[in-house]
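Each remark here refers to the structure printed beneath this line.
The values are calculated or read from the model by the stated rules, or taken from the named source; none is laboratory data. Given the structure is predicted, the values throughout are model-derived calculations rather than measurements. Here the Cβ is made from the backbone with ideal geometry for all residues, glycine too, and neighbour counts use every protein chain on show. Protein only, heavy atoms only, side chains kept; ligands, DNA and RNA dropped before computing areas. Shrake-Rupley method; radii C 1.70, N 1.55, O 1.52, S 1.80 Å.
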Amino acid sequence: MKLVRKDLEKDNAGQVTLIPEEPEDMWHTYNLLQVGDSLRASTIRKVQTESSTGSVGSNRIRTTLTLCVETIDFDSQACQLRVKGTNIQENEYVKMGAYHTIELEPNRQFTLAKKQWDSVVLERIEQACDPAWSTDVAAVVMQEGLAHVCLVTPSMTLTRAKVEVNIPRKRKGNCSQHDRALERFYEQVVQAIQRHINFEVVKCVLVASPGFVREQFCDYMFQQAVKTDNKLLLENRSKFLQVHSSSGHKYALKEALCDPAVTSRLSDTKAAGEVKALDDFYKMLQHEPDRAFYGLKHVEKANEAMAIDTLLISDELFRHQDVATRARYVKLVDSVRENMGTVRIFSSLHVSGEQLGQLTGVAAILRFPVADLSDQEDESSSEED
């Protein structure tokens, strides 16, 4: 997604102009839209025309309309988004108040205006427009003297660093120059990895090369990490996966990504963090039920006690059409973050998001046990009796 313009007032009213560039951006847009918003976009309208002789014909004309959003329809299979609403701005082809359906198209900009842009919506725009947020996979494609450090998003590959070092050939009885140059090359690649790969986001780092270059590089990197006590590399050692490629050029990355070992490893990277968080919640619910709550009322009570360590919440809840209900979920997210808790917003299109949806869509892992709220409710109701 490309952010063209953002005009927000102090009270967080205002408008944002965006260009969706890939199918996934339609999913982000679906999560941004709410009934009552104002959407301005290019669309095709069938217009009836009458000639001087009185004959009536119809033409399809491209025009720009501004609608007050009434219904939003998202097709998750085709990643198509249709928005229906009434025209709220003068237009030569469409009367004020007339209904129209806009189908948002890739690479065509639209402007979305809201009376209130909350923190969850603004964060989604930030994530949709920043490739690093959607990058679960990084790759180092290398050969002797040449390496490319890349970030792999669902739709594109971004080269973050290119390392080139001239490596002299080995000479009979004297390999020192070759070895020194190779060590210098490896060191520069390690620095590029540390500078450009965010290990909090990236779940897997592919190291691809012809021959034994990848093995020698990884041996060097982790030996140096042990010597210098580099915790960043040592803690993330399990994320590195070695695969074959025909060269160190960027185009060779495609071969590495097609490797069966890689495809099985990468199949779940996008939601690996969410899957683990949900698994941790179920384990906690089983072994320490006083530290695992679900349901909005219970989670809010735990938050009042500043007990939430990790909040698990489905993005489906932020599409609630009732403004007050949606504001309640946003307030919960903001409050947990203020209390130094972690917030994981699950995609309802993923299996883990569906599972969370069966648990009311909101759950929390607590820092410390809190007495079961259902017991408290039972006691209060018996007192009232």
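Taken as a whole, the condition of being touching a Cys at 6+ places or on another chain (Cβ under 7 Å) and under 30 Å from V351 (Cβ atoms) applies to P23. When you scan region 308-320, do you find a residue that is among the aromatic types (F, W, Y), over 25 Å from the mean Cα position of the chain (by Cα), on the phi < 0 side of the Ramachandran plot and outside the structural domain of H28 (by the TED database), even just one? No: zero hits.
The residue pairs whose first member lies in region 213-231 and is touching a residue at least 40 places away in the same chain (Cβ under 8 Å) and in the same structural domain as Q242 (by the TED database), whose second member is part of a helix (DSSP H, G or I) and of a type outside the set (G, A, S), and whose beta carbons are closer than 6 Å, counting only pairs six or more residues apart or on different chains, are F217/Y186. Looking at G97, G57, just one residue is part of a loop (DSSP other than H, G, I, E, B) and touching a strand residue (DSSP E or B) at 6+ places or on another chain (Cβ under 8 Å), and that residue is G97.
Within region 64-110, count every residue that is open to solvent by 20 Å² or more (accessible area, probe 1.4 Å), under 15 Å from L39 (Cα atoms) and of a type in the set (S, T, N, Q). The total comes to 7. Restricting attention to region 250-274, the residues that are modelled with pLDDT of 65 or more, crowded, with 17+ Cβ neighbours inside 10 Å and aliphatic (A, V, I, L, M) add up to 6. Among the residues of region 1-45, those that are under 24 Å from F74 (Cα atoms), charged (D, E, K, R) and either at pLDDT below 85 or open to solvent by less than 80 Å² (accessible area, probe 1.4 Å) (or both) comprise E22, E24, D25, D37, R45.
This table checks each residue for (1) closer than 25 Å to P260 by Cβ; (2) open to solvent by less than 40 Å² (accessible area, probe 1.4 Å); (3) part of a loop (DSSP other than H, G, I, E, B).
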| site | (1), (2), (3) |
| --- | --- |
| R169 | no, no, yes |
| Y186 | no, yes, no |
| V189 | no, yes, no |
| R195 | no, no, no |
| V202 | yes, yes, yes |
| A208 | yes, yes, no |
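Within region 49-62, residues that are closer than 29 Å to I102 by Cβ and assigned by the TED database to the domain that holds Y93 reach partners that are polar (S, T, N, Q) and assigned to a loop (DSSP other than H, G, I, E, B) with beta carbons closer than 8 Å, at six or more positions or on different chains, in the pairs G57/S51.
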